[in-house]
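S.K.: Please find one structure pasted underneath; my questions will follow.
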Amino acid sequence: MQPPKSEICVICGVRPAETVDHVPPKGFFKGVENAQLRTVPACCTCNNGASSDDEDIRFFISAQVGKQTAATKKLWEDGAHKTILRKRKLREAFVSTAGEMTVIGEDGVPVTRVAFRVPISTYQRVFERTTRGLYFFHTGRILPAAVPVEVTILAGTPNMDNEDIRMLKVETIGEEACVYRWGVVAEDADCSLWIYRLHQTHWAMATTGAVE
């Protein structure tokens, strides 16, 4: 599936689109072969200026999902582990807040996982960029810069039997590396809902506009 074209960066909605940006970030798919990653038109500022944020969030995702599969093992060994060794401040922040917590898995059974404090502002930037990019990818419309994107990290699997969630469209990138659900409110194109599942374990939600 080819993305629609735009001469304007679909992330900031202002600067000329001189390159393409991967949404979600390419680094999230280390170890996944033939992932058929999705790209959208972007300016150099939005694209090149995001690599450090992407690395940080990849580390936190990898730390949560562990090395359960061949893909997540490579995600850690070829990406996240190298990041944490190189970035001292990131390493110190992680160690100082890491602990264990119990969450409910997809099968309804409580499981113990590593818990840690994620830099919310960094997480917001990465998933706002991803959401704005995918919004354009699927609708062909640039989400206006003035429209807010609110990002929430989900502690466990959301209720997939919820009527609103069942109505969302489902997309997959790189087999189970990224599955996301999305929908745009018919009466207001600025309002949309996005639910991301990364490497089968990590969940996040984003809303645009005034979705309730």
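S.K.: Could you count how many residues in segment 84-103 are assigned to a helix (DSSP H, G or I) and out of contact with any Lys or Arg (no Cβ under 7 Å at 6 or more places or on another chain)?
M.R.: Final tally of qualifying residues: 11.
S.K.: Identify the residue in segment 21-36 that is among the hydrophobic types (A, V, I, L, M, F, W, C) and either out of contact with any Ser or Thr (no Cβ under 6 Å at 6 or more places or on another chain) or at pLDDT below 95 (or both) and, among all such residues, is surrounded by the fewest Cβ atoms within 10 Å (Cβ to Cβ).
M.R.: Taking the candidates together, the pick is 35.
S.K.: Residue by residue through segment 104-131, note down the ones that are of a type in the set (A, V, I, L, M, F, W, C), in a loop (DSSP other than H, G, I, E, B) and surrounded by 13 or more Cβ atoms within 10 Å (Cβ to Cβ).
M.R.: Hits for segment 104-131 are 116, 118.
S.K.: Just name the residue that is surrounded by the fewest Cβ atoms within 10 Å (Cβ to Cβ) out of those in segment 132-163 that are touching a residue at least 60 places away in the same chain (Cβ under 8 Å) and part of a helix (DSSP H, G or I).
M.R.: Taking the candidates together, the pick is 137.
S.K.: All but one of (1) modelled with pLDDT of 95 or more; (2) touching a strand residue (DSSP E or B) at 6+ places or on another chain (Cβ under 6 Å); (3) in a loop (DSSP other than H, G, I, E, B) hold for residue 14, so report the exception by its number.
M.R.: For residue 14, the failing item is (2).
S.K.: Sticking with this one: From the list 39, 72, 45, exactly one residue is surrounded by fewer than 18 Cβ atoms within 10 Å (Cβ to Cβ), out of contact with any strand residue (DSSP E or B) (no Cβ under 9 Å at 6 or more places or on another chain), in contact (Cβ under 8 Å) with a residue 12 or more places away in the chain and of a type in the set (S, T, N, Q). Which is it?
M.R.: The match here is 45.
The values are calculated or read from the model by the stated rules, or taken from the named source; none is laboratory data. Bear in mind the structure is a predicted one, so any value in this text is a computation, not a measurement. Cβ sites come from the backbone with ideal geometry, for glycine too, and all protein chains shown count toward neighbours.
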